[in-house]
Amino acid sequence: MTETNEMEPAIEHESPRLESWFKVLLSSFVPMAAAFVLPPAGKITMFVITGVLMVTGLVMLIMHERKKG
């Protein structure tokens, strides 16, 4: 049986969350991985999508940091 001390303050645990810019950057690896199994005609499209997602994620990160600081 454990005893609890009622004088101790309650500690609220904030669950970790993924930032939206990080999700976009992580999602950019999906089309890159798909490009390895697609025929050559589809590879260029997947690499373009990968680049767009990476640039978008980096812009979101920069905007987030400027807003925060």
For the stretch 20-68, what does the relative contact order come out to in percent, with C-alpha contacts under 8 Å and a separation of six or more? 50 percent
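Could you work out the local net charge near Met60, counting Lys and Arg as +1, Asp and Glu as -1, over the other residues with Cβ closer than 14 Å to its Cβ? Numbers along the way, then the final one.
On the way: positive: Lys23, Arg66, Lys67, Lys68; negative: Glu19, Glu65.
It works out to a net charge of +2.
If you wrap a convex hull around the Cα atoms of the stretch 20-68, how much volume per residue is inside, in Å³?
It comes to 41 Å³ per residue, whole-number rounded.
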Return the distance in nm (one decimal) between the two label points of a simple spin-label model at Lys68 and Val52, each offset 7 Å from Cα along Cα→Cβ. 2.7 nm
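Every number in this text was worked out from the coordinates using simple rules, so none of it is lab data. Being a predicted model, the structure only gives us computed values, none of them experimental. Virtual Cβ from ideal backbone geometry, glycine too; neighbours counted across all protein chains shown.
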